[in-house]
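Contents: one structure, followed by commentary.
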Amino acid sequence: MSDLQQQLATNLDSVKQRIEAAAQRSGRSGEAVQLVAVCKYVSSDITAALVSAGCQHVGENRPQQLWDKQETLADADIHWHMIGHLQRNKVQRTVRSLTMLHAGDSIRLLKAVQQAVADRQERLPVLLQINISGEPSKHGFAPTEIASHMEEIAQFEGLSVHGLMTMATLGANEDDTRRDFERLRQLRDQLETNCPDTMQLNELSMGMSGDFELAIEEGATLVRVGSALFEGISTG
Ligand SMILES: *Cc1c(COP(=O)(O)O)cnc(C)c1O
């Protein structure tokens, strides 16, 4: 094994162990939490090495980078997640071969995605991004407005809503970060009481390198981890 592969395997193992431990603290098994490796910092080669180390779910936050890697790594068995804001003119190409869109952050975008997948057999899995912190720099539905959009979103027949996604307040302390995640879970629970039949809200995509354990303790089912997987690796 090369040094790179050795280091990636060590990092992946450590993140997986931390996921397992946090899942147990929330009364779940580690298998209830899917690791999405955010590879936006690294090349296709390093992404491929991480996939061989045993992480098949890869997240990208920029469409161009997603497309480039999908092309370069076309032969690898990878489930692609789009985790960043998507402009409507990039939808068509992005949804071509996507496992899940995490950043369903506006009705306008969801409408464009619906149009792009309308002639498909299978619905595209999407998450509704919630701006839980209310920071103006962040995309997403306001927690107070999402309930009023659920019926409309349920009309998008090409989409299959699986849950919610959020990011915690930038630079917040541990207690406040935990509260953000707790609020997303509570919002989900509240939406579930009046959820259109075609939707499921099982998935909570929350938690990054600095806070994924807190997120799991608060119910995350998908964690989007980048830098923790690439510690000690030159990403240039
Ligand atoms: C970059 C990114 C992550 C991963 O961040 P790390 O702190 O490097 O783990 C997760 N989610 C989104 C939306 C991102 O853009």
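What follows is calculated from the coordinates using simple rules that are stated; it is not laboratory data. Because the structure is a prediction, the values reported are computed rather than measured. Virtual Cβ from ideal backbone geometry, glycine too; neighbours counted across all protein chains shown.
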Restricting attention to strands (runs of 3 or more DSSP E) lying wholly within the stretch 1-119, give those where 3 or more residues are without any contact (Cβ under 8 Å) to a residue 40 or more places away in the chain. 79-82
When E157 is run through (1) loosely packed, with under 15 Cβ neighbours inside 10 Å; (2) of a type outside the set (S, T, Y); (3) under 23 Å from A37 (Cα atoms), the failure sits at (3)
Checked A37, A76, A32 against criteria (closer than 22 Å to T166 by Cα and either among the basic types (K, R) or away from the ligand (no atom under 14 Å from the Cβ) (or both)); the one match is A32
I'd like to check something: does the stretch 112-120 contain any residue that is more than 16 Å from the ligand (Cβ to nearest atom), over 19 Å from C195 (Cβ atoms), among the aliphatic types (A, V, I, L, M) and in contact with a Pro (Cβ under 9 Å, 6 or more places away or on another chain)? no
Given the condition buried (at least 20 other Cβ atoms within 10 Å of the Cβ), under 17 Å from the mean Cα position of the chain (by Cα) and hydroxyl-bearing (S, T, Y), answer yes or no: does some residue in the stretch 81-95 qualify? yes
Go through the stretch 218-230 and give me each residue that's within 11 Å of the ligand (Cβ to nearest atom) and either of a type in the set (F, W, Y) or touching a helix residue (DSSP H, G or I) at 6+ places or on another chain (Cβ under 6 Å) (or both). V223, V225, A228, L229, F230
Scope the stretch 184-217; condition within 16 Å of the ligand (Cβ to nearest atom) and either surrounded by fewer than 19 Cβ atoms within 10 Å (Cβ to Cβ) or of a type outside the set (A, V, I, L, M, F, W, C) (or both); matching residues: E203, S205, G207, M208, S209, G210, D211, E213
Consider P63 against the criteria (1) more than 15 Å from the ligand (Cβ to nearest atom); (2) surrounded by 14 or more Cβ atoms within 10 Å (Cβ to Cβ): it satisfies all of them except one. Which criterion is unmet? (1)
For the stretch 148-170, enumerate the residues that are of a type in the set (G, A, S), touching a residue at least 24 places away in the same chain (Cβ under 8 Å) and farther than 22 Å from A116 by Cα. A168
